[in-house]
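Enquirer: Got a structure for you, questions after.
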DNA sequence: CTGAAAGCGCTAACAA
DNA sequence: TTGTTAGCGCTTTCAG
């Protein structure tokens, strides 16, 4: 069923039909409107979005790229993006890159092919020179095509950026932990190459330094639950003299807590544990996890807004807020 | 940059250019291929997917509908769908319906307008007659448009269906809990109107019945963390004589555990707790939550396959598996 | 093997 | 106000 069918059945031209059904400009006389609308739903007409897009050379599609939609951190941000998109009547095309930058690049290029209005890329960039520059090139292309783009948590690209204040958030956390009386810290620092991990690590160390402290140990490892588990085990194996443990995200922290439990280390009695992100799904773990809260959904919303609005490239930083819970309570 | 630009620069016709760049059929002579490819990337040509879709009247778009992408249950299934889509080089358009059936209907119709190849709808249907029939009508439309469709966890629609075996899964759970020695059960049953919740409730009661038992209490409530928290509180307030508590999903179970903890009720010492789903993010809660594992990602994959393949309408049921953990350990 | 040309369904000048 | 018509960019017969 095409517009032409509808027009004929209603005894009007396609132009008229288009005007009453889709067009926003001058509206035909009421009588014709009725006829066209009637014809349209008798025929079960649905506009062909591709044809509209081609004719108007513009779409209401926006893209969103996440590393892994099962990771609650990304899901929370994505949720914000989708809410904002929904409010603006934009259709969302989402892809999970499974942490593969080739997929990321390919998808960005698909979005360009789809003539997407804008895209939001979520997730910390690896500091790997090669894939970094290839991604940058495609980002360039994307922007040159006239579409908007915003990145969440990955600075250094020539597009709008929304970032959490990882550095000062973890510095604040360090201060509060010190104030609570903790002294001998280990950092489960995630991958060396991940900017987010690095910033949180650095901020924490900075915070400690203000109190004249420095971490007893810094473990690398994956940015995942299993990474946290493994890093905690290593720490115990090494019998490091530690009284509090900071994992650079909640998922790692929870993994670490499991490792400690398995080894019979009491939290917070024997060892305090803190994370970062304040993932909603993890707010019920026990002991309650001390962490740094990020306005994840808001960051997502804002990213979409920036991507859509275009304008001069800006970087917006979102404040993080320390949340003290039982996992770092001092007896 | 259009195909025409490329063709002119390469000194060939658009037909030729199309054949080497996109078309899959007869390929022009090597020399021309080179010229066209060269021209294409000198000009930074990207095909216009809308125009292609219009010309071929077919797309590589698939849709996916979830109630709430932040809910790890949906995220896990969505992840499976996206993986399967990625393997087939399909682009995914995802929407969160925020549990609103009007949004759901609207999105389905957008997908139709986009001439999506197929769609997957994830999430338990409410048993609300009105929105049910309106959704059914749009589902009809969608299928009539020639696109494929599969539903996850919502039977009763005239399309492929993938469902977990909620009923026998929770019956199995009931049996195992009884075998462990628990006797006085309360069910935190979720909303009356939610098919998934109802089936799990019913299966559990069935399982108990085999042992000549029946639940001491059945609490309704939301299908969420807060719903579980509130339901558990009510139960305690009523001072029901209960020794084990089954929440119809993990998220509720975790909420309930928090309520119990707040009230000083020891789990599993004083009260056992079990859930359903085996959400990955919650595998580290303590005490480890006894639950029923569902192959969520696989279900998502399969749903996409069915939606794409079309064919006769089938219903596939996925077996659930009881996972016993510490939350129901008997001293 | 290659090119010309007719659409795909719709929008937006431009005319009437 | 309404209709005519020329594209939008690409695919695909159909000739050459």
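FYI, it's all coordinate maths here, none of it is from the lab. Keep in mind the model is a prediction, meaning the values are calculated, not measured. All Cβ positions, glycine included, derive from the backbone under ideal geometry; neighbour counts span all protein chains shown.
Enquirer: Any idea how far the Cα center of the stretch B:287-330 sits from the one of the stretch A:246-302, in Å?
Expert: 27 Å
Enquirer: What nm distance separates the two modelled labels at residue B:102 and residue A:315, each placed 7 Å from Cα along Cα→Cβ?
Expert: In this crude spin-label approximation the distance works out to 4.2 nm.
Enquirer: Here's something else I'd like to know. How long are the three semi-axes of the equivalent ellipsoid for the protein assembly as shown, computed from the Cα gyration tensor as the root of 5 times each eigenvalue, in whole Å, largest first?
Expert: Each semi-axis is √(5λ); the values are 46, 35, 20 Å.
Enquirer: Same structure again: How would B:291, A:16, B:262 line up from fewest to most surrounding beta-carbon atoms within 10 angstrom?
Expert: Arranged by neighbour count, lowest to highest, B:291, A:16, B:262 become B:262, A:16, B:291.
Enquirer: Which of B:219, A:138 has the fewest other C-beta atoms within 10 Å, and how do the rest follow up to the most?
Expert: A:138, B:219
Enquirer: Tell me the distances, shortest first, between residue B:140 and the same position across the other copies, using label points 7 Å along Cα→Cβ, in nm to one decimal.
Expert: 5.5
Enquirer: Suppose you put the label 7 Å out from Cα in the Cβ direction; list, shortest first and in nm with one decimal, how far residue B:212 is from each other copy's label.
Expert: Those label-point separations list as 7.3 nm.
Enquirer: When the chain is fully extended, how far beyond the present Cα-Cα distance does residue A:14 get from residue A:2, taking 0.36 nm per residue of separation?
Expert: So the chain would gain 3.4 nm between residue A:14 and residue A:2.
Enquirer: Using a label point 7 angstrom from Cα along Cα-to-C-beta, what distances in nm, from shortest up, separate residue A:226 from the other copies?
Expert: Distances to the matching label points in the other copies: 3.6 nm.
Enquirer: List, largest first, the extents of the alpha carbons of the stretch B:53-111 along their principal axes, each in whole Å.
Expert: Sorted largest first, the three principal extents are 38, 27, 9 Å.
Enquirer: A further question on this structure: What whole number of Å gives the distance from the Cα centroid of the stretch A:85-122 to the Cα centroid of the stretch B:195-240?
Expert: 42 Å
Enquirer: Let me ask something else. Where the Cα atoms of the stretch A:213-306 are projected onto their three principal axes, how long is each span, largest first, in whole Å?
Expert: 49, 26, 26
Enquirer: Could you tell me how many degrees, from 0 to 90 and to the nearest 10, lie between the Cα long axis of helix A:30-43 and the main elongation axis, the longest principal axis, of the Cα atoms of chain A?
Expert: 70 degrees
Enquirer: Here is a further query. How fast does chain A diffuse by Stokes-Einstein, in µm²/s, taking the Kirkwood radius from C-alpha pairs at 37 °C and 0.692 mPa s?
Expert: The diffusion coefficient I find is 148 µm²/s.
Enquirer: Normalised radius of gyration for the stretch A:139-208, please: alpha carbon Rg relative to 2.2 N^0.38 Å, two decimal places.
Expert: Compactness ratio reported: 1.48.
Enquirer: Could you work out, for the stretch B:173-228, what percent of all Cα-Cα pairs fall into each 5 Å distance bin, beginning at 0 Å and stopping at the bin that holds the largest distance?
Expert: Using 5 Å bins, I get a P(r) of 5, 21, 29, 22, 16, 8, 1 for the stretch B:173-228.
Enquirer: Cα convex hull of the stretch A:3-56: how many Å³ per residue?
Expert: Given the Cα convex hull of the stretch A:3-56, per-residue volume reads 68 Å³.
Enquirer: Once the Cα atoms of helix A:72-87 and of chain A are each reduced to a long axis, what angle between those two axes, in degrees from 0 to 90 to the nearest 10, is obtained?
Expert: It works out to around 30 degrees.
Enquirer: Please determine, in degrees from 0 to 90 and to the nearest 10, the orientation of helix B:195-210 with respect to the longest principal axis defined by the Cα atoms of chain B, where the helix direction is its Cα long axis.
Expert: 40 degrees
Enquirer: Using the count of nearby Cβ atoms within 10 Å as a rough guide to exposure, how do A:120, A:242 rank from fewest to most? Show your work: numbers first, answer last.
Expert: Values: A:120 33, A:242 21.
The fewest-first ordering by Cβ neighbours comes to A:242, A:120.
Enquirer: Further, regarding this structure: What is the extension gain from residue A:140 to residue A:34, computed as 0.36 nm multiplied by their sequence separation minus the C-alpha to C-alpha distance, in nm to one decimal?
Expert: Stretched out fully, the residue A:140 to residue A:34 stretch lengthens by 33.4 nm.
Enquirer: Working only with C-alpha atoms, what are the Rg and Dmax values of the stretch B:194-265, expressed in angstrom?
Expert: 12.1, 34
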